[in-house]
1. With a 10 Å radius around each residue's Cβ, average the other Cβ atoms per peptide and rank 151-163, 87-99, highest first.
2. Relative contact order (percent) for segment 22-119, with alpha-carbon contacts under 8 angstrom and 6 or more residues of separation?
3. Quick check: residue separation of residue 160 and residue 64 times 0.36 nm, minus the Cα distance between them. What number comes out in nm?
4. I'd like the distance separating the alpha-carbon centroids of segment 28-81 and segment 136-173, in whole Å.
5. Determine, for each peptide in 64-75, 100-111, the mean count of other beta carbons within 10 angstrom over its residues, then list the peptides with the highest first.
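Just so you know, all these numbers are worked out from the coordinates, no wet-lab data involved. All figures in this text were calculated on a predicted structure; none of them were measured in a lab. Ideal geometry is used to build each Cβ from the backbone, glycine not excepted, and the neighbour counts take in all protein chains shown.
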């Protein structure tokens, strides 16, 4: 199965670096995650090495150098790695929020379309938006929802004597 047949939403879970090419937010999340995944354990290893060096020397000046180089550097690497993990988590939350807001916007557009279609029907179930109308004393029949007459307030329904009227080329009533 090729990856070209997959929908765009599933490219987020596709393996490899190709899905990250145009998705800068996911690329940032992956960089933060992997940098944190390397630096956090590296900091712990440096702390353990600093402790081991300080524990195996009898001289206090050597112990101080192990404490500074191993302990403080390891502590710094551990904190930086933790903050990078936290940044990756925040980037993931932001991406999920963007995705859910896009889905919500799409759902609201569908809901608005459904309600506008339902509101365009009268009690008898006839689609009022599809009923032909004329604007003022015009000679052209339009659908009520035609973009050419959407701003007009002087719409009249077309009666039985509509032989002299021409059909609009935009909405085609």
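1. So the peptides 151-163, 87-99, ranked by packing, come out 87-99, 151-163.
2. Relative contact order, segment 22-119: 38 percent.
3. 24.3 nm
4. The two parts, judged by their Cα centres, are 79 Å apart.
5. Per-residue mean Cβ counts within 10 Å order the peptides as 64-75, 100-111.
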